[in-house]
There are 2 protein chains.
Amino acid sequence: MALIIQKYGGSSVGTLDRIHHVASKVKQVKDQGHDVVVVVSAMYGETDRLIQLAHALTPDPDPREYDALVATGEQVSIALLSMALVAKNCPSRSYTGHQLGILTDSVHAKARIIDINTSVIRHNLTQGYIVIVAGFQGVTHQGDITTLGRGGSDTTAVALAAALKADECQIYTDVDGVYTTDPHLIPEAKLLPEISFEEMLEMASLGAKVLQIRSVELACKHHIPLRVLSTFREGPGTLVTFEDKVMQKRLISGIAFNREEALIGLSGIPKQIGIEGNILQALHAENIEIDMITQNAVGKNAMDLTFTIPRKELSKTMKVMDKLAKKYHATVISNSKVAKLSLVGIGIRSHHGITSKMCQTLGNADISIHMLSTSEIKISAMVEESQLDKGVYALHQAFELDKLPTEIQAPLEL
Amino acid sequence: MALIIQKYGGSSVGTLDRIHHVASKVKQVKDQGHDVVVVVSAMYGETDRLIQLAHALTPDPDPREYDALVATGEQVSIALLSMALVAKNCPSRSYTGHQLGILTDSVHAKARIIDINTSVIRHNLTQGYIVIVAGFQGVTHQGDITTLGRGGSDTTAVALAAALKADECQIYTDVDGVYTTDPHLIPEAKLLPEISFEEMLEMASLGAKVLQIRSVELACKHHIPLRVLSTFREGPGTLVTFEDKVMQKRLISGIAFNREEALIGLSGIPKQIGIEGNILQALHAENIEIDMITQNAVGKNAMDLTFTIPRKELSKTMKVMDKLAKKYHATVISNSKVAKLSLVGIGIRSHHGITSKMCQTLGNADISIHMLSTSEIKISAMVEESQLDKGVYALHQAFELDKLPTEIQAPLEL
């Protein structure tokens, strides 16, 4: 008998039929004799509806009330899922973050879980109940309702798995698992039976959108095996686990990409100690997050600074840049049509020559690289967005990701 | 400086514009220096939407989960109202029944308030906040979410007024107050500036639908002056207070009616001691609520029993009656097209002849009476539904309700 945490996202519970389907899946695991705790997101579209309601009411909604409003989305879905289980003669009880005592800090809309009181869950499990938990939400010491921010249901699931020392945390989504790259773009993309936490973190942060970063970090920290599976199709999914437990040795695990990037260059800045810090501080003061950054000293007295930002921040960023350009007598250039292309793999750490093979591959495909940045287990290149698809395809072939063995590892023996 | 409890129903907060309008009204009272606690229902249509969702999922939703689901309706509206107030620079905080500690028994969907912890509200009022409370809901000792059943927001408001010893409890609705009868039916109907608690109870139970019965009982018991006003039009509304405080002396205060009735007769039942009890028990066992009941001994060995039930219970009731008819060799008749017409007034207690005047008036209008029942301050007649309107009109004229002085009493000096 194992203790399994399952998490179902908004599209998994998007309709009443789907809620019944999820209930059947949960019941199946329970019928095998396991204890099950299920974390559920709001029904697909519901959170957006609530957010729109708030913004239609007032341009700048009070954060405390915003969270109280948005948290109703999950309360609806947990009650419905629990009802569906009871209707299948499967004793079940739903709990909001507040009812359960999922204690968070008081940073509304972006709260972090501080502690989870597991006594209510344990009591219910002992009595044979399935416990349905509202994802994405908690409560402060003062009793105010908080939300964890977008994708926070994954975090709730992993935090619960850690607090309850669960055997596995299963994240059900609308994809089969983690692929070598987006199968919508490259039909030859292969499902990865396993991936290391580190690789998953790089994949997630680069736009693979399968798991929320914070939840992967948490699972890694608390040694919780994480499995990504499809709600709608049977299959073992992808197990996210520790590097030493990954059976299949691969150089490169996947290609991640992000289209929503913009590139900004500031050229001819005087070489002064600390000037980079001043520039970055001016951007930080406007809450602009910088992704990649490179610096070139172009001449004796001047240098260039190039960096990328989320594309939606471009106009805000340009206002700051124009001021800085005036101040330092520098020139600003911008390109709002760039995209980031990244190779991710544990093999990068120990194998030389991957960067050069990547650059050659892109070059052979007639793709020019605007920026290049490497880290322990990833290499990112900034290219024209119009050339992204071609680049992903070329790299996928060059690194033979379409030829990865797909020996499927069975899911944790339940 | 007074402490005012205001309650706004679903149609008062049915749109975002209306929520802004309610926020302005609340702010106005706060700006006069008063403390304000506002109880809010779910936005119009929202509770029905949630109920339909539950019933579309499963024909018999689990009661605990049903309450958790339905309670989200008020959580949405309190958060939005509080946001609207904050947007008008009016510090405000919303609280669900759970957050506030509105303790109820555990009869889901029909819970009763046991206790209210006022410390959170008092603390907020001291700090200058307006407190927005979710009506219609509470929490059990075990931390389960409960709802009070339809119209329960009125009860929440009065219970809060009692717990906080408020100066007045104002129930805002979409009508101007309590009328002598339904002004949609009789345009000459007059707004009553005041009405006694007892009269209000009779009016409410007879279908006037302005206030929930339980809330009137509670206000009476705890000596809370209750005022019914319109959210949308200015005016003093109707003050519900103690008989000795009603300034305007009237024989009859109003005419209430209810169309949704059905009449059932069981004739030729053997005269046996306790047989009425057996019959009523058989109905009670099926949760059928009987309204009026009369019994006639028609001959030496047989008697007739006639009673009325809510029309929607007719088919269920007839099943029980058919069994009873067989058992007692009696005959069943039913009439699904009857309506109840009632005169309500403190004057009935001390003035004879009102019943006969009522019967004469109906007789002159060619309306036959199927059943008649009198109590301390009301007289009810069961008539054909098709003749109801004519009956209301005739009685309204005969008792000169269209000539009542409408000296308006100013609202409590705030």
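The values are calculated or read from the model by the stated rules, or taken from the named source; none is laboratory data. Predicted, not measured: the structure shown is a model, and the values here were computed from it. Cβ coordinates were reconstructed from backbone atoms using ideal geometry, including for glycine residues, and neighbour counts include every protein chain displayed.
Here are the numbers:
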quantity: The stretch B:54-78: number of residues that are within 7 Å of chain A (Cβ to nearest Cβ) and free of Cβ contacts under 8 Å to residues at least 40 places away in the same chain; calculated: 10
quantity: Residue among A:Ile367, A:Ile309 that alone is among the β-branched types (Val, Ile, Thr), over 30 Å from A:Asn287 (Cβ atoms) and surrounded by 19 or more Cβ atoms within 10 Å (Cβ to Cβ); calculated: A:Ile367
quantity: Sole exception among (1) closer than 24 Å to A:Arg311 by Cβ; (2) without any contact (Cβ under 8 Å) to a residue 60 or more places away in the chain for A:His352, by number; calculated: (1)
quantity: Flag for A:Leu226 being assigned by TED's automatic domain parsing to the domain that holds A:Lys110 and surrounded by fewer than 22 Cβ atoms within 10 Å (Cβ to Cβ); calculated: no
quantity: Pairs, first of a type outside the set (Gly, Ala, Ser) in the stretch B:1-17, second assigned to a loop (DSSP other than H, G, I, E, B), C-beta under 6 Å, six or more apart; calculated: B:Met1/B:Gly33; B:Met1/B:His34; B:Leu3/B:Ala166; B:Leu3/B:Asp167; B:Ile4/B:His34; B:Ile5/B:Ala166; B:Val13/B:Met43
quantity: Criterion violated by B:Ile379 - all others in (1) crowded, with 16+ Cβ neighbours inside 10 Å; (2) within 23 Å of B:Arg250 (Cα to Cα); (3) out of contact with any Leu (no Cβ under 9 Å at 6 or more places or on another chain) satisfied; calculated: (3)
quantity: Failed condition for B:Gly128, given (1) more than 14 Å from every other protein chain (Cβ to nearest Cβ); (2) of a type in the set (Gly, Ala, Ser); (3) buried (at least 24 other Cβ atoms within 10 Å of the Cβ); calculated: (3)
quantity: Residue match in the stretch A:240-247 (condition: modelled with pLDDT of 90 or more, surrounded by fewer than 19 Cβ atoms within 10 Å (Cβ to Cβ), over 12 Å from the mean Cα position of the chain (by Cα) and not hydroxyl-bearing (Ser, Thr, Tyr)); calculated: no
quantity: Selection status of A:Asp291, more than 28 Å from the chain's Cα centre (by Cα) and charged (D, E, K, R); calculated: no
quantity: Of all residues in the stretch A:24-53 being crowded, with 16+ Cβ neighbours inside 10 Å and polar (S, T, N, Q), the one that is farthest from the other protein chains (Cβ to nearest Cβ); calculated: A:Ser41
quantity: Flag if A:Val86 is facing another protein chain (nearest Cβ under 7 Å) and at negative phi; calculated: yes
quantity: Wholly within the stretch A:121-211, strands (runs of 3 or more DSSP E) carrying at least 3 residues that are within 16 Å of the chain's Cα centre (by Cα); calculated: A:168-173
quantity: Residue within the stretch A:88-111 that is surrounded by fewer than 19 Cβ atoms within 10 Å (Cβ to Cβ), in contact (Cβ under 8 Å) with a residue 40 or more places away in the chain and either touching a Cys at 6+ places or on another chain (Cβ under 6 Å) or more than 22 Å from A:Thr47 (Cα to Cα) (or both) present; calculated: yes
quantity: Out of B:Lys312, B:Lys319, sole residue that is charged (D, E, K, R), out of contact with any Lys or Arg (no Cβ under 9 Å at 6 or more places or on another chain) and more than 30 Å from B:Thr181 (Cβ to Cβ); calculated: B:Lys319
quantity: Filter result (crowded, with 21+ Cβ neighbours inside 10 Å and in a helix (DSSP H, G or I)) within the stretch B:212-223; calculated: B:Ser215, B:Val216, B:Leu218, B:Ala219
quantity: Test: B:Thr118 is farther than 25 Å from A:Ser82 by Cβ and away from chain A (no Cβ under 14 Å); calculated: yes
quantity: Members of the stretch B:324-348 found to be loosely packed, with under 12 Cβ neighbours inside 10 Å and charged (D, E, K, R), listed by number; calculated: B:Lys326
quantity: Given (1) of a type outside the set (A, V, I, L, M); (2) surrounded by 12 or more Cβ atoms within 10 Å (Cβ to Cβ); (3) at pLDDT 90 or above, number of the condition B:Arg233 does not satisfy; calculated: (2)
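This table checks each residue for (1) assigned by TED's automatic domain parsing to the domain that holds B:Leu125; (2) in contact with a Lys or Arg (Cβ under 9 Å, 6 or more places away or on another chain); (3) among the basic types (Lys, Arg).
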residue	(1), (2), (3)
B:Ala163	yes, no, no
B:Gln170	yes, yes, no
B:Pro193	no, no, no
B:Leu201	no, no, no
